1. When only alpha-carbon atoms are used, what values of Rg and Dmax, in angstrom, describe the protein assembly as shown?
2. Principal axis extents for the range B:237-319, Cα atoms only, whole Å, descending order, please.
3. Calculate the length of the line joining the C-alpha centroid of the range B:108-156 to that of the range B:344-407, in whole Å.
4. Mind grabbing the base-10 log of I(q)/I(0) for the range A:234-286 at q = 0.14, 0.27 Å⁻¹? Debye formula, identical points on the C-alpha positions, no solvent, two decimal places.
5. Could you estimate the translational diffusion coefficient of chain B from the Stokes-Einstein equation, with Rh from the Kirkwood formula over C-alpha pairs, at 25 °C and 0.890 mPa s, in whole µm²/s?
6. Using the Cα gyration tensor of the range B:368-407, with a ≥ b ≥ c the square roots of its eigenvalues, what is the shape: rounded (a/c below 1.5), prolate (a/b larger than b/c) or oblate (neither)?
7. Rounded, prolate or oblate for the range A:311-453? Axes are the square roots of the Cα gyration tensor eigenvalues, ordered a ≥ b ≥ c, and the cut-off for rounded is a/c under 1.5.
8. May I ask for the net charge around A:THR62, where only other residues with Cβ less than 14 Å from the Cβ of A:THR62 are counted and Lys, Arg are +1 while Asp, Glu are -1?
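Derivation of every value follows stated rules applied to the coordinates shown; laboratory data play no part. It should be emphasised that the depicted structure is a prediction, and the values quoted were computed from it without experimental measurement. Reconstructed Cβ throughout: ideal geometry from the backbone, glycine too, with neighbour counts over all protein chains shown.
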Amino acid sequence: MSVSPQDIGIRAAVHLLNRLGFGPRPGEARAILSGGLDRWVREQLDPGADPELETRLSRLSTLAYPLSQTVALYGAEDQRGLGQVIDEFNTAKVIRAVHGRNQLQEVLVDFWFNHFNVYIADGFARPATPSYERDAIRPHVLGRFRDLLGATARHPAMVYYLDNYLNTVARSVGGGRIVGGINENYGRELMELHTVGVDAGYSQADVVDAARCFTGWGIDNLRSSGSFVYRPVAHDTGAKSVFGLTLPAGGGQEDGERLLDYLSRHPAAARFVSRKLAQRLVADDPAGSMVDRAAQTFLATDGDISEVVKTIVGSPEFWTEAFAPVKPKVPAEFVFSALRAADAEVTTARGVSAALQAMGQPAYACVPPTGYSNRGDDWTNPSSHLARMNFALDLAAGAVAGVAVDARAAVRKAGGSAEDAKIAAAALSADLFGRGLSSETTGALSRVAPAGSPSVAARVLGLTLASPEMQAR
Amino acid sequence: MRWDLSRRVFLKGAGLAAVGVGFHPSSLLVRTAQAAEAGTQVLVQVFLRGGADGLNQVVPYGDPDYYDLRREIAQARPGQSGGVSNLDGYFGLHSELAPLLPLWQDGRLAILPAVGNYGLTRSHFDAQDFMETGTPGIKTTADGWLDRSIARIAGSEVTQAVAFASVLPRSFLGGEPVLVAQNLATFDLRARTWRTEAETLLRAMYDPRTDAQGQVGRETFAAIQALARSPGLMAAPANGAVYPTATVGSSLRQAASVIKAGLGTRCIFVNVTGGFDTHANQLAANTNDYRSLGQALAAFATDLGRQLDDVVVMVNTEFGRTSAVNGSGGTDHGSAHCMLAFGGRVRGGRIVGRWPGLSRADLHEGRDLAFTVDYRDAFQEIARVQLGIADSLFPGYTPGAGPGIVA
């Protein structure tokens, strides 16, 4: 079976959709190819309005609740209000990934949330996480790293999750009693996970002094407003030395801000962050040369994330797997790509959330601050694989709660016949993979019996979504 | 068709492939019988993620510095309200771990209160990585210590190693097939009305591939078949054992049923996530986590009954925590942790390893409990006895005879 120039163009489009987005919808690769791939990439790097998406999200009334409103619900007797907030928050994520035009933005919101991970199910984090993603992460995903870092450092969700609201200078309160004291959690993870990385060479003493910089950064209360507050009395005003930055005695909130300035400009941070971005967008183990170039861009542009992404996308390495996708999809990438490939209509996240749980990657629910691994290979195991195959078959048969799929319509949109398995298989292969399905896979798909339940289209589509080729991008 | 020889899947034992093209159900039964002859001892590792606080699990209430260091989060002495369960007049079990007391009293539970290695560091990710690959300080080790263990055991059924976790634990990184599962009872294709066709066509896609997807596909179908032939996996817990509803309970219940079902399983890994990373307000988190842990471990022992003779369970974590309470009623990352070991060959009812003490001079870097037993010596000793492994499982390190956990 020969590959035509059109197929090559489709493969390039599919590659872009798989790497800068959550995968192609039926007919989409053809559409962006005819509109121009360059233009699509530029639009993704400079996201505009998406009125159709906003209309879909508008029925989820709690999405716009300010932090104080969700925190008040958290403090309320009847917890159903907060339950609705969290349900709609989860639903919005799926709707955005599946239906949003600004795919790169959604990929980066997912990426940066994971980088600055917060665990939603932990107490105050429950009402605070929706605001965290909306107010601290989303506005900065293609902006300046320092702005993103600062927004996460100050957001009450992070201040709570990494215990910084309890990180105070030890004070004597009379009667020989001491209250408060340093809590190392945020100071350590700020360096290890958010900026310079564990191999940068900082010491235990640096961790302690980093923590001291953020003493006094707190939350006014946890049950009504939940706002960030800086308490001077809780701040350790002594001199500090963190990983080469010296701060004289007498500082206040600016101790923490200056440390954020310093860390966000550190060459180790440029490298650490660039490598993670490259891991997400290019390969589980990205080439050192590409990472170096991206890190140079990071430093030269003072942490402009969209410039770093441009450097990565402009690298020859970005295209290495375009014609032989190898990078395994992590569970969320698989689920969202399957929903898109099936041309699904998402109403609620219910069935999707259950599937992600079974695959080991429930949304917003990574317990440790390291976040979920971006290495697809780390997620490849029999239990997750079985869950993926079951999800694929269920999805195509319309059996995933909260999601509607019309397999016949999806196959027709891809250019195939809904009744003939062989034609359907060829169409799905061409449209969603640029004719990238192996002969064994298309052969198997062609052998779907001409009659039976679920429909031929549902079975061919389901098996396509469960195929080995669908597991990689 | 070419096989990826580095996977070692079909080179082991009598030369029958347990997975992939050419797999016949009858060969699995033959393999299982062979495995039964080769050895039935099982190693179960329960890994508490997050740096569990050993000083709160097994409390050195007899140490003169303990109460000054731990202040408001210290555990009360035996006999006091909420107090620890006395072990030997110096150490006591956290009250929620009291279900383990009978194992101690029966001589089946040994406790190592100061296990570690300073090369593990105080980073969660690195410490877990170094502990699981078995090479503290070295990041380039490509396989885990349990993968190396399984590689040295005859047989290659996909059920030889089972991990109750949502992702493959790094301890198993490497070529050996491992059944990673969260719920064995539902480990099957769901396509209700067309299951045979679905499985046939999916296998046609996956079986011929030589890449990573082909590998995981074949392992998945092999696991489905192996589990479908084991109705015993669905049996209720025996001897009145009651597991807690927490995930650790479900995992250990399934671990027990895997052992009882006689699938040739030699190694089981139980991943436990929870509130162990207690930087703040640790009393409540510890109560919660130790309650389900204690109940689950005790139920496991009860459930197995006589078969506990064939099992050694080791409970460990990546590092312990600071000896002094911090400013938020919690503790920060430390060094030595507390390891538990119980089962048939354990020389129990003993504290194993020298107690280094909590005086300032005895603490590591003035803040952490020092370690007196290298974790590699403890792991090696248990693997030697349970899995019959003679050579070192730790590259660049030759463990000694071991701290004397097992006979």
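1. Looking at the protein assembly as shown, its Cα Rg and Dmax stand at 27.5, 86 Å.
2. Principal-axis extents of the range B:237-319 (Cα, largest first): 43, 27, 18 Å.
3. 12 Å
4. Log-scaled intensity ratios, in q order: -0.50, -0.98.
5. 112 µm²/s
6. oblate
7. Oblate is the answer for the range A:311-453, as a/c is 1.5 or above yet b/c matches or exceeds a/b.
8. After counting each charged neighbour, the total is +2.
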